[in-house]
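Have a look at the structure below, then the notes.
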Amino acid sequence: MRSRTLFFLFPLLALSALASAQKIDVSSGKIEALKGIDTFQIIYKYDKLMVGDLGRESNYIRKKKADAEKRAPGSGYAWEEMWIGDRSKYYEPQFLEAIRKFSEKEIGDHPGTRYQLVLSSTYIEPGQSGLIRKSAKLKGTITVIDTQNPAKPLVKIQIDEASGESNKEDNGTGGPRIGAAYAKAGKELGNYLRQRLD
């Protein structure tokens, strides 16, 4: 009976692995345009970010600041600072570490480098911890630009619902959990680039 269960379970596991591997999609340009490029200046953008079911990030911040003020008067501003600070504390370093490791490319703070890799975060589901746990999710667009011809990106890649969960204590904004989603996105994108550009 156990072998029969495993027989039926294996194809389902294989399908779910394939489904999770298909979160990277080239929406314009060709990935082959990046062949031979080893160094990229990374840029992060959040100007079109939507959060959870509240739409624009500004709506989310407004609600969470108000919630913080109700719990402890005067704490709303500190919550907003922490939310914005999570970008440089959790999101960006975890994405960068993963994409560098798995792509085997030199990606980072390289001013003056000809090629830019721009991560535009378009949607974050912060998730939640506690009794009911919910993974964070990230959607975004990677645009690779040749600074000698910036009007025509070499390639645009969509990242769809990279999910993350963290064992670190929730800091009140979900930073560690959202950072784990960025790490997952970096890992998936890094693997994608290495497999297609080697």
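The values are calculated or read from the model by the stated rules, or taken from the named source; none is laboratory data. Bear in mind the structure is a predicted one, so any value in this text is a computation, not a measurement. We place every Cβ from the backbone using ideal geometry, glycine too, and count neighbours over all the protein chains shown. Areas reflect the complete protein model, heavy atoms only, side chains present, ligands, DNA and RNA absent. Shrake-Rupley method; radii C 1.70, N 1.55, O 1.52, S 1.80 Å.
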C-alpha center-to-center spacing [segment 24-68, segment 105-149] in angstrom:
5 Å
For the chain, the percent of accessible surface on carbon and sulfur atoms (probe 1.4 angstrom, ligands and nucleic acids excluded) is 53 percent
Among 89-98, 132-141, how do they line up by average Cβ neighbours within 10 Å per residue, starting with the highest?
89-98, 132-141
Candidate lysines for bridging to residue 65, where Cα separation is under 27 Å - those fewer than 8 sequence places away on the same chain excluded:
45, 48, 89, 134, 137, 139, 168
For the chain, what is the mean residue ellipticity at 222 nm derived from helices alone (per DSSP H run of n ≥ 4: -39500 (n - 2.57); sum divided by total residues; nearest 500 deg cm²/dmol)?
-13500 deg cm²/dmol
Listed residues 107, 84, 24; largest mean-square fluctuation, Gaussian network over the chain with Cα springs below 10 Å, found at 84
Select from 127, 76, 164 the residue whose mean-square fluctuation is largest in a Gaussian network model of the chain (Cα-Cα springs shorter than 10 Å).
76
With no solvent and one equal point scatterer placed on each C-alpha of the chain, evaluate the Debye formula and give log10 I(q)/I(0) for q = 0.09 Å⁻¹, two decimals.
-0.40
Rounded accessible area of residue 106 (nearest 10 Å², 1.4 Å probe):
70 Å²
Dipole moment magnitude, nearest 20 debye, the chain about Cα centre, only Lys, Arg, Asp, Glu C-beta charged:
460 debye
